[in-house]
1. Quick check: anything in the range 216-236 modelled with pLDDT of 90 or more, in the same structural domain as residue 304 (by TED's automatic domain parsing) and assigned to a loop (DSSP other than H, G, I, E, B)?
2. Working carefully through the options 88, 105, find the one that is crowded, with 16+ Cβ neighbours inside 10 Å and at pLDDT 90 or above.
3. I need the helices (runs of 4 or more DSSP H) fully contained in the range 1-112, keeping only those with at least 2 residues that are of a type outside the set (Lys, Arg) and closer than 19 Å to residue 376 by Cβ.
4. Taking into account only those residues within the range 1-24 that are surrounded by fewer than 19 Cβ atoms within 10 Å (Cβ to Cβ) and hydrophobic (A, V, I, L, M, F, W, C), which is modelled with the highest pLDDT?
5. Does any residue of the range 268-290 turn out to be surrounded by 22 or more Cβ atoms within 10 Å (Cβ to Cβ), polar (S, T, N, Q), within 30 Å of residue 31 (Cα to Cα) and outside the structural domain of residue 146 (by TED's automatic domain parsing)?
6. Looking at (1) within 17 Å of the chain's Cα centre (by Cα); (2) free of Cβ contacts under 8 Å to residues at least 24 places away in the same chain, can you tell me which one residue 298 breaks?
7. Looking at residue 352 and the list (1) touching an Asp or Glu at 6+ places or on another chain (Cβ under 8 Å); (2) at pLDDT 95 or above; (3) on the phi > 0 side of the Ramachandran plot, which single condition is not satisfied?
Amino acid sequence: MNICFIGKHIYPKDIFSNEQDMKTWRSLAEYFNRLFVIAQSPDIFFHSVGEKNIKIYLIPNIFGYLGFIGIAVKVGVYLRWKYGIDCFDASEVAGGGLAATFLKFLTGAKSVIEVQGEIFGENYENKGYKKTLLKKIGIFVMKKADRIRVNSEAVFHQVSRQYIEEKKIRLIHLRVDLDLFNPLSILRINSEKNDDKIKIGYVGRLAEGKGLEDLLAAISQLCQGHGKRANFKVLIFGDGQLKSKLIKISENLGIHDKIEWRGFVSYNKVPEALSQIDVFVYPSWHEGFSRSIMEALAMEKAVVATNVGGIPDLIKNGENGFLVEPRNSKMLAEKIQELAENKELRKKFGKAGRKWVSENFEWNNGIKKFASLFLELK
């Protein structure tokens, strides 16, 4: 069986530097004869690379969504003609989703559509005509698709409420490499060893909707206390368009001296970043599923996160972490403080968290389930 993934992601010319996605494709490729990927180039040029039975095409980053869809369809038709693609998979409903749907119509191949995030949820950030248009496109491509894949129970129910037959929907969770994200194989950086401060941390994109403003507000409230509450620092790993705004907020709140902006970390360096954190905080306002939380749990970190989207698939409140309401900095601060002052509770949550992801989100089992989605269409 030959499959082709289509997504409007922008990748570097050296696609093999994307360790995270390459690991997924290499694992999936073991189940198929050929695996193709169509994504966006970082420039106006066409790039193609390959290894073994994997071939990746990066198409010019011009003309927006319509340009991407048009070129992706042309490449897809060529691949269907030359290699006999059996199924086109789209990693999002708009660009890739429309391309996969057109390719199904033009070539007769099967189509699978992934619904990411919470485009059908109440808290989705796009409002007005953008949200309406995206939902209409999503419903159109899902109805035409042979299968729809979602990554959380919340998104599963949101999709089924759009009058999509549940027999077409498959819950395919993200996966975690427990060998890479293994607390026993990571040594804390020497400079951190003699630091008795509690490390409150975040690893992820600095983007709208991640609730990082609430994290800063919670830190400000903790700083107004005394004793143990003040004996901490905040490590923020990641980059994004919101960084300058967040730095400004931290300065206005008078907490800039508490925060270390550690910048972007590559996939293979994330376990090392997490090893430096005692309390992992993820205050997102909406979330289909959180890879960052899953990886933090694998590293035995105590987590405070918001009760939105697919996060409850990962965090069982009071068992392996705390769930708080979104946009509630007071509640966020209280739970961070509780974990910061209770080492035994942090340890308990950490052990329970790794056990939970080991039993439910292990890499090889997840890949096998992912591959079976396509094999059942053969």
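The values are calculated or read from the model by the stated rules, or taken from the named source; none is laboratory data. Please read all numbers here as calculations on a predicted model, not as lab measurements. Cβ coordinates were reconstructed from backbone atoms using ideal geometry, including for glycine residues, and neighbour counts include every protein chain displayed.
1. no
2. Being crowded, with 16+ Cβ neighbours inside 10 Å and at pLDDT 90 or above holds for just one of 88, 105, which is 88.
3. On the way: elements: 19-29, 64-83, 95-107.
Those helices (runs of 4 or more DSSP H) span 19-29.
4. Filtering the range 1-24 for residues that are surrounded by fewer than 19 Cβ atoms within 10 Å (Cβ to Cβ) and hydrophobic (A, V, I, L, M, F, W, C), the one modelled with the highest pLDDT comes out as 1.
5. Looking for residues that are surrounded by 22 or more Cβ atoms within 10 Å (Cβ to Cβ), polar (S, T, N, Q), within 30 Å of residue 31 (Cα to Cα) and outside the structural domain of residue 146 (by TED's automatic domain parsing), one finds at least one in the range 268-290, hence yes.
6. Going through (1) within 17 Å of the chain's Cα centre (by Cα); (2) free of Cβ contacts under 8 Å to residues at least 24 places away in the same chain one by one, residue 298 breaks only (2).
7. Among (1) touching an Asp or Glu at 6+ places or on another chain (Cβ under 8 Å); (2) at pLDDT 95 or above; (3) on the phi > 0 side of the Ramachandran plot, residue 352 violates only (3).
To keep it simple, each residue is scored yes or no on (1) among the β-branched types (Val, Ile, Thr); (2) buried (at least 18 other Cβ atoms within 10 Å of the Cβ); (3) within 30 Å of residue 277 (Cα to Cα); (4) touching a residue at least 60 places away in the same chain (Cβ under 8 Å).
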{"position": "141", "(1), (2), (3), (4)": "yes, yes, no, no"}
{"position": "144", "(1), (2), (3), (4)": "no, no, no, no"}
{"position": "149", "(1), (2), (3), (4)": "no, yes, no, yes"}
{"position": "155", "(1), (2), (3), (4)": "yes, yes, yes, yes"}
{"position": "166", "(1), (2), (3), (4)": "no, no, no, no"}
{"position": "174", "(1), (2), (3), (4)": "no, yes, yes, yes"}
{"position": "182", "(1), (2), (3), (4)": "no, no, yes, yes"}
{"position": "186", "(1), (2), (3), (4)": "yes, no, yes, yes"}
